[in-house]
1. From the label point of B:Glu89, set 7 Å along Cα to the beta carbon, how far off in nm is each other copy's matching point, shortest first?
2. Using the 2.2 N^0.38 Å rule of thumb for compact globular proteins, work out how region A:1-100 stacks up: its C-alpha Rg over that value, please.
3. If I take R0 = 35 Å and measure r between the Cβ atoms of A:Glu90 and A:Glu28 in this structure, what FRET efficiency does the formula 1/(1 + (r/R0)^6) give, to the nearest 0.05?
4. State, in angstrom, two size descriptors of region B:1-41 derived from its alpha carbons: Rg to one decimal place and Dmax to the nearest whole number.
5. Go ahead and run the numbers for FRET between A:Asp65 and A:Ala5, Cβ-Cβ distance against an R0 of 35 Å, rounding to 0.05.
6. Check A:Val60: other-chain or 5+ apart residues with amide H under 5 Å from its amide H, H built from backbone geometry?
7. For region B:37-87, just the Cα atoms, rotate onto the principal axes and tell me the three extents in Å, largest first.
8. For region A:34-86, what does the relative contact order come out to in percent, with C-alpha contacts under 8 Å and a separation of six or more?
2 protein chains.
Amino acid sequence: MARAATTTDAFNAVAEPRRRQILDVLAEGERPVNDLVEMLGLAQPQVSKHLRVLREVGLVDVREDGRKRLYRLNGLPLKPIHDWVKSYEESWNERFDGLDDVLDELNMEENGDGDDGE
Amino acid sequence: MARAATTTDAFNAVAEPRRRQILDVLAEGERPVNDLVEMLGLAQPQVSKHLRVLREVGLVDVREDGRKRLYRLNGLPLKPIHDWVKSYEESWNERFDGLDDVLDELNMEENGDGDDGE
DNA sequence: TTGACATATGCTCATATGGACATATATTCT
DNA sequence: AGAATATATGTCCATATGAGCATATGTCAA
């Protein structure tokens with residue numbers, strides 16, 4: 001088997017930097033394809049293809065407007081990524097580096113910094 | 001050009017489900033390769049190759065222990081993913097769905113739920 | 001209708017993938 | 001030393017990629 005298709009899920013769709021750029025632009029509002037072509041400096045067919053992938057995983061919705069097609073962000077498929085990666089947050093937020101965990105909590109009690117929710 | 005190498009960054013490395021599984025196991029503690037082989041039901045060479053990719057993007061560290069090699073999670077390279085995806089959090093947390101934004105804030109004033117800090 | 005504009009598809013190509021399987025390297029035991 | 005254990009590498013293969021370029025489809029204007 002080769003690598004999983006980019007349309008398999010948001011993880012794969014978003015692994016491509018250009019597609020992240022597209023989403024970043026769309027995050028600020030609906031846009032026609034040509035805007036993306038100009039803003040990203042990509043060839044129009046490439047943009048359309050990237051948009052197709054994003055559409056197939058549900059990351060964007062399209063709306064017809066005359067001869068233009070307005071693309072719009074739909075972040076929901078990103079939630080699984082967020083949820084997965086969030087569980088690793090502690091691993092880079094130091095203070096959870098193994099046994100330091102306990103020591104840190106003791107320090108926090110000293111400082112009266114009771115942050116345990118969320 | 002073909003797709004970016006899986007070793008390009010964490011985004012690509014983590015697009016492969018097996019590698020996410022490996023990280024999920026390692027999140028609970030250091031493990032030798034064979035543990036992963038058994039727990040994931042994969043062939044040993046495959047596990048070693050996935051570990052190589054994870055090593056190349058810095059997601060795991062290795063430690064020699066006799067004839068075993070203990071792999072350990074290093075979540076730091078996941079932070080860019082977290083940071084990127086987090087900025088889209090509002091897009092699936094409803095109440096930010098375009099113009100509903102404003103209406104929601106009006107409703108919140110009614111309920112006296114003044115949450116503007118974050 | 002003809003033509004310009006906007007977007008989507010089709011095709012070719014170089015490349016890297018992940019699985020399967022064989023084999024190399026390293027370490028411990030007898 | 002020789003065998004068993006633990007892990008890494010190498011090869012082959014089917015597959016999908018993303019870029020480049022040509023072209024089809026669809027829409028509005030004259």
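Derivation of every value follows stated rules applied to the coordinates shown; laboratory data play no part. Remember, predicted model here, so these are calculated numbers, not experimental data. Quick reminder, even Gly has a Cβ in these numbers, built from the backbone with ideal geometry, and neighbours come from all protein chains shown.
1. 0.5
2. Region A:1-100 yields a ratio of 1.31.
3. 0.65
4. Every Cα atom of region B:1-41 included, Rg and Dmax give 12.2, 38 Å.
5. About 0.75, to the nearest 0.05.
6. The answer is A:Arg55, A:Asn74.
7. 43, 23, 17
8. After rounding, I find 22 percent.
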